[in-house]
């Protein structure tokens with residue numbers, strides 16, 4: 001999936017960002033004005049009602065409790 005753009009929420013470990021970059025993903029911050037193919041969130045700001053405001057149809061990966069490898073596997077499945 002090299003060449004895809006992944007928005008990574010602040011607060012996630014540098015290990016996750018390094019793993020994504022090593023796999024060839026372009027890592028940006030959410031809301032940076034770049035269309036992301038997927039967004040990795042911390043899960044800390046999940047809406048209590050289970051509704052998230054997602055403007056586009058990109059994949060959203062909840063990273064809470066997951067290792068970098070698990071996040072990569074989720075991205076490979078969803079992209």
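Among the residues of the range 52-67, those that are surrounded by 10 or more Cβ atoms within 10 Å (Cβ to Cβ) and either at pLDDT 55 or above or at positive phi (or both) comprise 58, 59, 60, 61, 62, 63, 64, 66, 67. Set side by side, the residues 49, 1 differ, and just one is surrounded by fewer than 16 Cβ atoms within 10 Å (Cβ to Cβ), at pLDDT below 95 and in contact with a helix residue (DSSP H, G or I) (Cβ under 7 Å, 6 or more places away or on another chain), which is 1.
The values are calculated or read from the model by the stated rules, or taken from the named source; none is laboratory data. Bear in mind that the values here come from a model prediction, so they are computed numbers and not experimental data. Counting neighbours? That spans all protein chains shown, and the Cβs are built from the backbone with ideal geometry, glycine included.
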